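A short write-up of the structure that comes next.
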Amino acid sequence: MRFRIFILFFGILQFSYAQLKQDTSRNLSYIAVPIVFSTPEMGFGLGLSGSVSFNTSFKYDPETRASIIQAMGIFTTRKQNVQYIDASIFFPKEKYILYFQSSHSYFPDKFWGIGPNTLNSYEEKYAFKQVHFFPHLKKKIFKRTFLGVLYEYQTVYNTKYIKEGIFDTSHFYGKEPYQVSGLGLSISYDSRNSAAWPTKGVFLQSTYERYDKLIGTDFELGKWITDVRWYYNLVAEHIIAFQAYNFYTHGQTPLRELANFGGATNMRGYYQGRFRDNAMFSLIAEYRAPIYGRLSVVGFGGMGNVYSDLTKIELPSIKYSFGGGIRFAMLKKERLNLRLDFGYADKKNYGFYFTAGECF
């Protein structure tokens, strides 16, 4: 199985390199590539991915990082399908930054219950459809410091689950079709030299969203997220990267707004959603090293857990995972990477992740 995954990975690298286009007159790079992938959540899948990188400044502007827009459509052997757009647009002098995410998905998924101590034997299948929309606009107020406004809309429908099963008998909101709509504020500091593959700098961000019936939500809740990242260049682009992440909700938090522990952008090795609760924290460290040309390798390790509120963090049940991977820069200058990672937690929780972009 592992051998076949690596063959697919390197075959895609060759194809993606051939499809890369650059327009130096407009400082524009773009790529379209078919993808074959495997993750614990999706099994094997096929899809098409496209990325565009550009500068919003017409003149030389060292203060403005390259903007990136990615789009992808995927279909999996587990009958899942996902279509999404993800954009990071840096306006001239980075006076404004716009982040935007939008997606539609049909997703047969797995559920083990709520809390940090659910058993592997509790595994149960369910499925849902979802539409998600999330714009986040930031304005620079001081050097590298931003205030932002954000809006999040999500609707979940066509939820299917086993009657009298674990999903049905567990206590949480959102078992039937619902929508949530929330407005929020953010404050952030960003000294990274790249959004896709930073070699130095710090990123700190804290956001708070309020979901209120006045703006069309079925459940009233609050969501507070704090994300801290640090990157240090040891020598010749050998990089140490750290992330501290905390996700906290209060109120009537429905299923798809609960903390999802694990996955390609968190604790690799754990199925995304293997543990769910009102809140979670994680600490992850990575070592990133170049090999040759567009190829790099990464080693990582992390720890974290879910919890119901700040007074119920269970230190004895903290989860750990570690692993490594390989990177190929689709866009060499901006270092937008294809990545193949293998994460391991224990004999029941491990897996390969083949995606675009970094974990953090």
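Key figures for this structure:
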| read-out | value |
| --- | --- |
| Top-ranked residue in region 142-172 [being open to solvent by less than 70 Å² (accessible area, probe 1.4 Å) and among the charged types (D, E, K, R); ranked as nearest to Ile89 (Cα to Cα)] | Glu152 |
| From the options Phe107, Phe128, residue that is open to solvent by less than 30 Å² (accessible area, probe 1.4 Å) and either on the phi > 0 side of the Ramachandran plot or at pLDDT 95 or above (or both) | Phe128 |
| Test for Phe281: is it open to solvent by 20 Å² or more (accessible area, probe 1.4 Å), under 18 Å from the mean Cα position of the chain (by Cα) and more than 30 Å from Ala66 (Cβ to Cβ) | yes |
| When residues of region 111-125 are limited to those that are part of a loop (DSSP other than H, G, I, E, B) and free of Cβ contacts under 8 Å to residues at least 40 places away in the same chain, the one surrounded by the fewest Cβ atoms within 10 Å (Cβ to Cβ) | Leu119 |
| Close pairs (9 angstrom Cβ cut-off, 6 or more residues apart or separate chains): modelled with pLDDT under 85 in region 55-74, open to solvent by 30 Å² or more (accessible area, probe 1.4 Å) and acidic (Asp, Glu) anywhere | Ser57/Glu63 |
| Selected residue [assigned to a strand (DSSP E or B), among the β-branched types (Val, Ile, Thr) and crowded, with 16+ Cβ neighbours inside 10 Å] from Ile74, Ile85 | Ile74 |
| Candidates Lys139, Lys175, filtered to the one that is open to solvent by 70 Å² or more (accessible area, probe 1.4 Å) and either free of Cβ contacts under 8 Å to residues at least 40 places away in the same chain or on the phi < 0 side of the Ramachandran plot (or both) | Lys139 |
| Region 243-263: number of residues that are open to solvent by less than 20 Å² (accessible area, probe 1.4 Å) and assigned to a loop (DSSP other than H, G, I, E, B) | 4 |
| Cβ pairs under 7 Å, 6+ apart, first in region 200-217 and on the phi > 0 side of the Ramachandran plot, second polar (S, T, N, Q) and surrounded by 18 or more Cβ atoms within 10 Å (Cβ to Cβ) | Gly216/Ser181 |
| Region 329-349: number of residues that are open to solvent by 20 Å² or more (accessible area, probe 1.4 Å), over 18 Å from the mean Cα position of the chain (by Cα) and over 21 Å from Phe90 (Cα atoms) | 5 |
| Restricting region 350-360 to residues that are among the hydroxyl-bearing types (Ser, Thr, Tyr) and touching a Lys or Arg at 6+ places or on another chain (Cβ under 8 Å), the residue that is surrounded by the most Cβ atoms within 10 Å (Cβ to Cβ) | Tyr353 |
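The values are calculated or read from the model by the stated rules, or taken from the named source; none is laboratory data. Keep in mind that what you see is a predicted model, and the values were worked out from it rather than measured. Glycine also receives a Cβ, built like all others from the backbone with ideal geometry; neighbour counts cover every protein chain displayed. Ligands, DNA and RNA are stripped out before the accessible areas are found, and what is left, the full protein with its side chains, is counted by its heavy atoms. Shrake-Rupley method; radii C 1.70, N 1.55, O 1.52, S 1.80 Å.
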